[in-house]
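Okay, structure first, notes after.
Bear in mind that the values in this text are calculations on the coordinates, not laboratory data. None of the values given here were measured: they were computed from a predicted structure. Here the Cβ positions follow ideal geometry from the backbone for every residue, glycine too, while neighbour counts run over all protein chains shown.
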Amino acid sequence: MQATVDLARRTPAEVEWIAPPASVLPAIRAQTASGKRRSWPRRLAVAAAVAAVGVVIGLGAGRLFWGDTPGSTTVSQVALDALDTGQQGGSAQLIDSRSGMALRIDTTKPLDAGSGYLQVWLLNTDGKRMVPVGVLRGEGVETFPMSASLVKSGYLIVDISQEQYDNNPAHSGDSLLRGKLSA
């Protein structure tokens, strides 16, 4: 009877590695090489499938956040004018889709936030109430989710203001652009 040797208790210097017989090496190499050839197309197919899923998800997210979704309609649109010069600085669209209402802001040129940030507001037509909608990056098209009840309650004036990092959530009084959506 042959004694079993516990290799786990031996140091690497104590363990002798025995190479397989030369007659076995060509068979091992053939299996390894054929295995590599088989796994390459499989890996390529998996990578292509993952990339395709990523593209589909990316396009869907892009349409949801930045583009029109099928079945969406523009309810109202207004030019956003600078208060001091009256020049157009962009536009606002109120969009209704299956996922709900949204306010799309499109600035024609970059807006200067100064040392602060740009805030989008909806002002009520009574001139006494306002709600913040979101932070604007400064240029391009941005879409903000909206509540239909705000529009029904008269929050139709879109205002973009320059705000400071002062822990004051109220409107700064420094409006850059403004326009009134139709009801």
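Some observations on this one:
- Formal net charge of residues neighbouring residue 153 (Cβ-Cβ distance under 13 Å; K, R +1; D, E -1): +2
- Residue-wise HN-Hα couplings along region 94-100, as the Karplus relation 6.51 cos²θ - 1.76 cosθ + 1.60 with θ = phi - 60° gives them from phi, are 9, 10, 10, 9, 4, 8, x Hz; Gly and Pro carry x.
- Summed side-chain charge close to residue 121 - residues other than residue 121 whose Cβ falls under 10 Å, Lys, Arg +1, Asp, Glu -1: -1
- Long-range amide H partners of residue 174 with built H, under 5 Å: 162
- Amide H partners (placed H, <5 Å) of residue 136, local residues excluded: 118, 119, 120
- Built amide H within the under 5 Å cut-off of residue 80, gap 5+: 89, 90, 91, 92
- Cα shape, region 90-174, gyration tensor, a/c 1.5 rule: oblate
- Average Cα contact separation per residue, region 76-144, under 8 Å, 6 or more apart, as relative contact order %: 26
- Amide N proximity, region 108-132 versus residue 182 label position 7 Å along Cα-to-Cβ, cut-off under 20 Å: 123-126
- The slack between residue 165 and residue 112, meaning 0.36 nm per residue of separation minus the straight C-alpha distance, is 17.6 nm.
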